[in-house]
Amino acid sequence: MRIIVLGGDGFCGWPTSLYLSDRGHDVTILDNLSRRNIDNELEVQSLTPITPIGERLRAWHEVSGREIGFINLDLANEYDRLVRVIEEVQPEAIVHFAEQRAAPYSMVDRKHAVYTQVNNVVGTMNVLYAIAEINPDIHLVKLGTMGAYGEPNIDIEEGWLEIEHKGRKDRVLFPKRPGSFYHLSKVHDSHNIEFACRIWGIRATDLNQGIVYGQQTPETERDDRLATRYDYDAVFGTVLNRFVIQSVLGLPLMVYGNGSQVRGIIEIRDTVRCLELACENPADRGEFRVFNQMTQSLSITQMAQTIARVSPQKVEVEHLANPRVEEEGHHYNVVHSGLFELGLDPHMLSDTLIESLFEITKRYAYRVRPEAMIPTIDWRRAASQIGL
C-alpha cells in the first residue's frame, strides 16, 4: 500500500513508519518537526538521543534497503501543499499522528491551550477536506486517546453506545468527558471525522489509544540512529516510563493522588501492529469505525508496585497532591475486542519488558534532569507557574 504517515517523526509515528516500511508498504512522512521545537521550549530532551530526521531516514535506508519519503509540512497552516502532496502520492491510507499529544502541555495557559486546539482540530479538518476533495476512498486512520472518555460510571464501549430513551432506541457516539484541553481536542476530532463519514462518505478508523509504554521495536533496535523518543518529564513523560527512570535513579516513584486511578495501557510494539491491522483492514465507505487501542488496564498504584518489584534498587512510593482534576477509585471497564478480532496478539506488561527498559535507562541515565519529573502545571489554574 501507499501510506502517508502524518506526524511520522514522533514517539509513535516514527516506529510505525519503520514498521510499515519494513513490511513492504510505500511510506511518506509529513511532519513539521514541532515536537523537536517543544524540547527546546521545555529545556528537556528525550532520554534516548534523537538524531535529525535526515540522518534517521538515511540510517533506515542503510539497514533496510528501503526508502521513506519526508516532507516538512504544517497541516493546520498549509492546506494547499497538503492537497498537492496527497494528489502526488495517491495514498490508499493516511495514518494521522500529527497532533500535540500532552495533556499537561495543553493546560499550561491560554496560549498553550489555543495552540493545542488549533493545531489538532484545524489540522484534522484540513485532512478531512483534502480526502473528501481528492479521493473519498482514502482510508483515514486517526490516533485518538482513551483519555477522551474520562471516568464514566458505566462500561466504556468501542466508540458507540446503544441507548433506549422513552421507549425509543438509537445508536449514538459514546458520551465523553475529557480531562484536559488536549483530550477535548481529540473529542472534537472524533465528532468532525464522524460527520465527514456520514455526510461525505469517507472511510475512517478512530483508534482510542491507552498509555503507551516501552521504547523499542525490532525496527528501531537495528541502529541507535533509529531510536524513538523516551520522554520522562512531567509534561510529556508517560507514567510507566517515568517510574522506570525514577527507580533506576533510586528516587521515589511519584504517584499523583491516592493512585487508584485506572488507565488502559499498551506496549509500543502493539501500537505499530494495531496501525498495520487498521490500514490493511479498512473501514467501509461512510463508516466511522472506532477501536479502543489498549491491551490491559492497571491502576497507577499497580503500575508503581510492578516497577518497584523488579527495580534494580529498593524504591519507595511517594504520593503527591494531584495536579490534575480526575476521579479516584472510579469504575473502569473497557470493551477493546475489535483489534483482537483483526489479529492482534498483544504483549502484556512483564518483568522482562521492564528490565529491558531498565537497561536503556541505565545507558542514558546521565541525560536525566530529575527536576523535570516534578509536576508544575496545575489544572485548577488558568495559567500555571511553569515559565514557558
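The values are calculated or read from the model by the stated rules, or taken from the named source; none is laboratory data. Just so you know, these numbers come straight off a predicted model, no measurement behind them. In this analysis, Cβ positions are derived from the backbone assuming ideal geometry, glycine residues included, and neighbour counts consider all displayed protein chains. SASA here: full protein model, heavy atoms, side chains in, ligands and nucleic acids out. Shrake-Rupley method; radii C 1.70, N 1.55, O 1.52, S 1.80 Å.
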Which residue out of Leu339, Leu357, Leu344 is within 22 Å of the chain's Cα centre (by Cα), closer than 20 Å to Leu275 by Cβ and in a helix (DSSP H, G or I)? Leu339
Return the pairs, sorted by first residue and then second, in which the second residue is assigned to a loop (DSSP other than H, G, I, E, B) and of a type in the set (A, V, I, L, M), the first residue lies in the stretch 163-192 and is open to solvent by 50 Å² or more (accessible area, probe 1.4 Å), the beta carbons are less than 8 Å apart, and the residues are 6+ apart or on different chains. Phe181/Met107
Using the structure shown, decide if Ala204 is assigned to a helix (DSSP H, G or I), open to solvent by less than 20 Å² (accessible area, probe 1.4 Å) and in contact with a His (Cβ under 9 Å, 6 or more places away or on another chain). no
Could you tell me whether the stretch 140-150 includes any residue that is at pLDDT 95 or above, of a type in the set (Lys, Arg), under 16 Å from the mean Cα position of the chain (by Cα) and not in a loop (DSSP other than H, G, I, E, B)? yes
Considering only residues of the stretch 61-73 that are in contact with a strand residue (DSSP E or B) (Cβ under 9 Å, 6 or more places away or on another chain) and part of a loop (DSSP other than H, G, I, E, B), which is nearest to Ser17 (Cα to Cα)? Ile68
Considering Pro346, Pro323, which residue is at pLDDT 95 or above, surrounded by 13 or more Cβ atoms within 10 Å (Cβ to Cβ), farther than 20 Å from Pro104 by Cα and out of contact with any Leu (no Cβ under 7 Å at 6 or more places or on another chain)? Pro346
Out of all the residues in the stretch 366-384, which are in a helix (DSSP H, G or I) and open to solvent by 30 Å² or more (accessible area, probe 1.4 Å)? Tyr366, Arg367, Pro370, Glu371
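Conditions (1) surrounded by fewer than 18 Cβ atoms within 10 Å (Cβ to Cβ); (2) farther than 20 Å from Ala103 by Cβ, marked per residue:
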| position | (1), (2) |
| --- | --- |
| Glu221 | yes, yes |
| Asp224 | yes, yes |
| Val239 | no, no |
| Ile245 | no, no |
| Pro252 | yes, yes |
| Gly259 | no, no |
| Val262 | no, no |
| Thr295 | no, yes |
If only one of Gly210, Gly257, Gly237 is farther than 17 Å from Cys274 by Cβ, touching a strand residue (DSSP E or B) at 6+ places or on another chain (Cβ under 8 Å) and either polar (S, T, N, Q) or at pLDDT 95 or above (or both), which one is it? Gly257
Find all pairs meeting these conditions: Cβ atoms under 9 angstrom apart; at least six residues apart or on different chains; first residue within the stretch 361-376 and over 17 Å from Val108 (Cβ atoms); second residue open to solvent by 90 Å² or more (accessible area, probe 1.4 Å) and of a type in the set (D, E, K, R). Arg369/Glu43
In the stretch 1-27, the residues that are more than 12 Å from Thr228 (Cα to Cα), touching a helix residue (DSSP H, G or I) at 6+ places or on another chain (Cβ under 8 Å) and among the acidic types (Asp, Glu): Asp22
Checking Arg2 against (1) touching a residue at least 60 places away in the same chain (Cβ under 8 Å); (2) touching a Lys or Arg at 6+ places or on another chain (Cβ under 8 Å), which test does it fail? (2)
Selection over the stretch 95-120 where residues are assigned to a helix (DSSP H, G or I), touching a residue at least 24 places away in the same chain (Cβ under 8 Å) and under 17 Å from Trp379 (Cα atoms) yields a count of 9
Val83 meets each of (1) in a helix (DSSP H, G or I); (2) under 22 Å from the mean Cα position of the chain (by Cα) with one exception, condition (2)
Among the candidates Glu87, Glu78, Glu43, which residue alone is farther than 26 Å from Gly214 by Cβ and surrounded by fewer than 16 Cβ atoms within 10 Å (Cβ to Cβ)? Glu87
